[in-house]
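Heads up: the structure comes next, in structure tokens.
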Amino acid sequence: MPAPALSVTDLALSSGGRQLVHPLTFSLAAGERVALLGASGSGKSLTAAALAGSLPEGISAGGTITFGAGSGAGSGKDRAALIRQDPATALNPLVPIGRQLAIPLRSAGYSRPDAKAEAARLLARAGIGEPALFLPRYTGQLSGGQLQRVCIALALACGTPVLVADEPTTALDAVTQNTVLETLRMWSTGGRSLLFITHDLAAAASLCTRALVMEAGRIVEQAPMADLLRNPLHPYTVRLVQAASGSADSSAEGAAARSATATAVAA
């Protein structure tokens, strides 16, 4: 059996003696797209930061994170690329967008002209129209949604076999969200793995084949996505599915939500 692309064993996170994330154990197979679902404050973003090796100061970590045959304590190539939830903190406001995208591309061996062309292509894949016009711009010249798409392009530029996307569609309109989901779907071809962190169950169902459900720093349920949506077992998962499907809502909005979730499952 091939080694998992990502293996997490007893990952625990704490601060000042307070347990923030209780020991987590899970893995991602090569090419697998897995959703990490849960409400704000459940520990999803801290877990994402731990996988990318970018925990905030003051957070202590225990357990083991392994990428393929290498340890997460190794070089940058043994880390997951991370699409952060807050794009404004992930980019340097003093450096043009194109130059920031070129850094990982140049490290990967691209010439300067090829890195510029690839940066524009990645921006287009992330849903940026006329990407060449964005390369000389600074973060202060972009909207929140545009910044999020730049962060997605930057994560793709890193070329890692594992991508952790922390709420990457939160600030996007419906059309751009669909573009981003399709980009992530295409990115995961060729054996690359995705951990998609979100509270949007319909988006997760349209993209991922398996789900981990997190509540209060613990994984309380994990199952194939279709099974989890049709037959949730944990009370928290039941509430999550009901809220996403609008099962307690007889309004037109509730019917639309049910239809969207059912379509995502069928797909």
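Taking all Cα pairs closer than 8 Å and separated by 6 or more residues, the relative contact order of the chain comes to 24 percent.
Here the dipole of the chain is about 580 debye; that uses its Cα centre as origin and unit charges on the Cβ of Lys and Arg (positive) and Asp and Glu (negative). For a modelled paramagnetic label at residue 88, 7 Å from Cα along Cα-to-Cβ, the residues of the stretch 159-200 in reach, with backbone nitrogen under 20 Å, are 166-173.
For the options 161, 113, 232, a Gaussian network treatment of the chain with springs between C-alpha atoms closer than 10 Å singles out 113 as fluctuating the most.
Listed by Cβ neighbour count within 10 Å, with the fewest neighbours leading, 218, 112 appear as 112, 218. Between residue 7 and residue 95, the distance separating the two model label sites (each 7 Å from Cα on the Cα→Cβ line) works out to 3.4 nm.
Is there a quick way to get the dipole size of the stretch 1-124? I mean about its Cα centre, with the Cβ of Lys and Arg at +1 and of Asp and Glu at -1; what is the value in debye to the nearest 20?
The dipole of the stretch 1-124 has a size of about 360 debye.
By the count of other C-beta atoms within 10 Å, a proxy for reagent exposure, 214, 186 are ordered fewest to most as 186, 214.
Just how large is the dipole of the stretch 151-250 about the Cα centre, in debye to the nearest 20, putting +1 at every Lys and Arg Cβ and -1 at every Asp and Glu Cβ? Don't jump to the answer; show the numbers that get you there.
On the way: 6 positive and 9 negative charges, 59 e Å.
I would put it at about 280 debye.
In the chain, the DSSP-assigned H stretches of four residues or longer account for a calculated mean residue ellipticity at 222 nm of -11500 deg cm²/dmol, using -39500 (n - 2.57) per stretch and the full residue count as denominator.
Listing 103, 97, 219 from fewest to most neighbouring C-beta atoms within 10 Å gives 103, 219, 97.
Whole-percent P(r), the stretch 71-156, all Cα pairs, 5 Å bins from 0: 3, 16, 26, 25, 18, 8, 4, 1.
Net length available on complete extension from residue 60 to residue 39 is 5.3 nm, with 0.36 nm assigned per residue and the Cα-Cα distance removed.
Taking the chain as a Gaussian network of alpha-carbon nodes connected by springs under 10 Å, the highest mean-square fluctuation of the residues 50, 165, 243 belongs to 243. The Rg/Rh ratio for the chain is 0.97, where Rg is the radius of gyration of the alpha carbons and Rh is the Kirkwood radius. Expressed per residue, the C-alpha convex hull volume of the stretch 101-257 stands at 137 Å³.
Every number in this text was worked out from the coordinates using simple rules, so none of it is lab data. Remember, it's a predicted structure, so these values are computed and weren't measured experimentally. Cβ coordinates were reconstructed from backbone atoms using ideal geometry, including for glycine residues, and neighbour counts include every protein chain displayed.
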